[in-house]
1. Every residue in the stretch 45-70 that is more than 21 Å from residue 174 (Cα to Cα) and either within 15 Å of the chain's Cα centre (by Cα) or of a type outside the set (Ser, Thr, Tyr) (or both), please.
2. Return the residue satisfying two criteria in turn: it lies in the stretch 210-227 and is touching a helix residue (DSSP H, G or I) at 6+ places or on another chain (Cβ under 8 Å), more than 22 Å from residue 84 (Cα to Cα) and not hydroxyl-bearing (Ser, Thr, Tyr), and of such residues it is surrounded by the most Cβ atoms within 10 Å (Cβ to Cβ).
3. So, in the stretch 114-135, exactly how many residues are surrounded by fewer than 19 Cβ atoms within 10 Å (Cβ to Cβ), within 26 Å of residue 182 (Cα to Cα) and in contact with a Phe, Trp or Tyr (Cβ under 8 Å, 6 or more places away or on another chain)?
4. Do you know which of the residues in the stretch 220-264 that are hydrophobic (A, V, I, L, M, F, W, C) and over 19 Å from residue 192 (Cα atoms) is nearest to the chain's Cα centre (by Cα)?
5. Give the stretch 42-70 a look and list any residue that's polar (S, T, N, Q) and either assigned to a strand (DSSP E or B) or in contact (Cβ under 8 Å) with a residue 12 or more places away in the chain (or both), or say none.
6. Select from the stretch 137-164 the residues that are among the aliphatic types (A, V, I, L, M) and touching a helix residue (DSSP H, G or I) at 6+ places or on another chain (Cβ under 8 Å) and write down the one among them that is farthest from residue 245 (Cα to Cα).
7. Is it the case that the stretch 91-101 has a residue that's closer than 25 Å to residue 36 by Cβ, polar (S, T, N, Q) and touching a residue at least 24 places away in the same chain (Cβ under 8 Å)?
Amino acid sequence: MTIRRALHWVFKVGDRAATVNFLRGIGMQVLRHEEFKEGCDAACNGPYQGRWSKTMIGYGVEDSNFVLELTYNYGIDKYELGNDFLGLHIESNQVFASAGGEKTADGCLVLKSPDGYTFHVEDKTVPPAGPVAGITLASTNIQKTVEFWNKILGLTIFEQSESMAILGFDKSQAFIKFLHQPEIEHAKAYGRVAFSVPFSELADAEKLALENGHKILTPFVTLKTDGKADVSVVIFGDPDGYEICFVGDEGFRELSQFDPDGSKLLDQAIAQDKSNEWFAKKGISKSSA
């Protein structure tokens with residue numbers, strides 16, 4: 001049975017090696033890795049057209065876990081952080097016991113990745129869907145956010161108040177939590193959340209958003225991948241400008257299979273990355289986006 005399900009959150013990373021070491025240090029494993037010579041038609045790596053890489057990393061296979069997608073642009077070593085992404089939530093006794101970090105008043109550990117992204121680790125039994133329980137984002141208007149994510153995208157409202165809302169497709173999956181704040185700045189490090197939906201529902205979802213006056217950032221497109229399954233996507237813009245990718249589930253399940261060589265491929269790419277030396281020879285620095 002094909003269902004709608006939460007897939008991953010996309011982080012832009014400037015220091016790929018340090019970020020991977022950090023995530024491995026809290027128990028994540030590389031699930032697959034790919035290198036690209038030019039930009040993505042669906043702006044997977046942001047508004048950049050040069051060489052880049054994509055690494056999927058998490059606590060388990062993508063069929064059943066919410067994971068992270070790391071996008072690395074070879075010419076950029078740092079991204080300006082906004083105030084939109086408020087944290088990724090990990091529920092795991094094991095990670096809590098082994099991780100350092102600052103402890104909050106409620107006993108939660110707060111970690112910062114090398115690129116400055118926030119991770120909240122709670123001393124809890126791992127949920128059925130894996131240690132990554134969800135993400136928290138900012139919202140300037142909780143009611144407008146809920147109307148879009150519920151009525152247009154089809155997520156269920158689990159909790160809601162004037163200043164907070166928690167939504168998801170199913171309580172067995174990762175949640176999306178919103179907290180109210182007056183202003184949002186996405187800056188250059190803005191991420192993207194991805195969900196899979198049946199291929200047959202993509203066009204209808206796009207049509208519903210357009211009929212209700214919402215932005216489509218990338219209209220329905222099928223992305224070709226050499227030697228792998230083609231995947232179809234629609235990318236929405238919510239009222240606060242968040243990017244939400246709906247991807248056809250059937251193709252994505254085939255594309256996202258665990259690659260036992262993924263970790264080795266990533267380590268090789270990091271070892272062969274001479275971009276810092278190239279820029280130094282030219283007498284220039286990498287860009288800070």
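The values are calculated or read from the model by the stated rules, or taken from the named source; none is laboratory data. Just so we're clear, the structure is a prediction, and the values are computed from it rather than from any experiment. A quick note on method: Cβ atoms are made from the backbone with ideal geometry, for glycine too, and the neighbour counts reach across all protein chains shown.
1. Start the filter on the stretch 45-70 by keeping residues that are more than 21 Å from residue 174 (Cα to Cα), which leaves 45-54.
Scanning the stretch 45-70 gives 45, 46, 47, 49, 50, 51, 52, 53, 54.
2. Ranking the qualifying residues of the stretch 210-227, first place goes to 220.
3. Adding up the residues that qualify gives 1.
4. Only one residue tops the list, namely 258.
5. Let us first name the residues in the stretch 42-70 that are polar (S, T, N, Q), namely 45, 49, 53, 55, 64-65.
If the condition is that a residue be polar (S, T, N, Q) and either assigned to a strand (DSSP E or B) or in contact (Cβ under 8 Å) with a residue 12 or more places away in the chain (or both), then 45, 53, 55, 64, 65 are the ones that fit.
6. Residues of the stretch 137-164 among the aliphatic types (A, V, I, L, M): 137-138, 142, 146, 152-153, 155, 157, 164.
Applying the additional criterion that residues be touching a helix residue (DSSP H, G or I) at 6+ places or on another chain (Cβ under 8 Å) yields 152-153, 155, 157, 164.
Details: 152: 13, 153: 10, 155: 14, 157: 19, 164: 23 Å.
Among residues in the stretch 137-164 that are among the aliphatic types (A, V, I, L, M) and touching a helix residue (DSSP H, G or I) at 6+ places or on another chain (Cβ under 8 Å), the one farthest from residue 245 (Cα to Cα) is 164.
7. Of the residues in the stretch 91-101, the ones closer than 25 Å to residue 36 by Cβ are none.
The answer is no, given that none of the residues of the stretch 91-101 is closer than 25 Å to residue 36 by Cβ, polar (S, T, N, Q) and touching a residue at least 24 places away in the same chain (Cβ under 8 Å).
This table checks each residue for (1) over 23 Å from residue 10 (Cβ atoms); (2) in a loop (DSSP other than H, G, I, E, B).
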{"residue": "116", "(1), (2)": "no, yes"}
{"residue": "120", "(1), (2)": "no, no"}
{"residue": "126", "(1), (2)": "yes, yes"}
{"residue": "129", "(1), (2)": "no, yes"}
{"residue": "143", "(1), (2)": "yes, no"}
{"residue": "146", "(1), (2)": "no, no"}
{"residue": "159", "(1), (2)": "yes, no"}
{"residue": "184", "(1), (2)": "no, yes"}
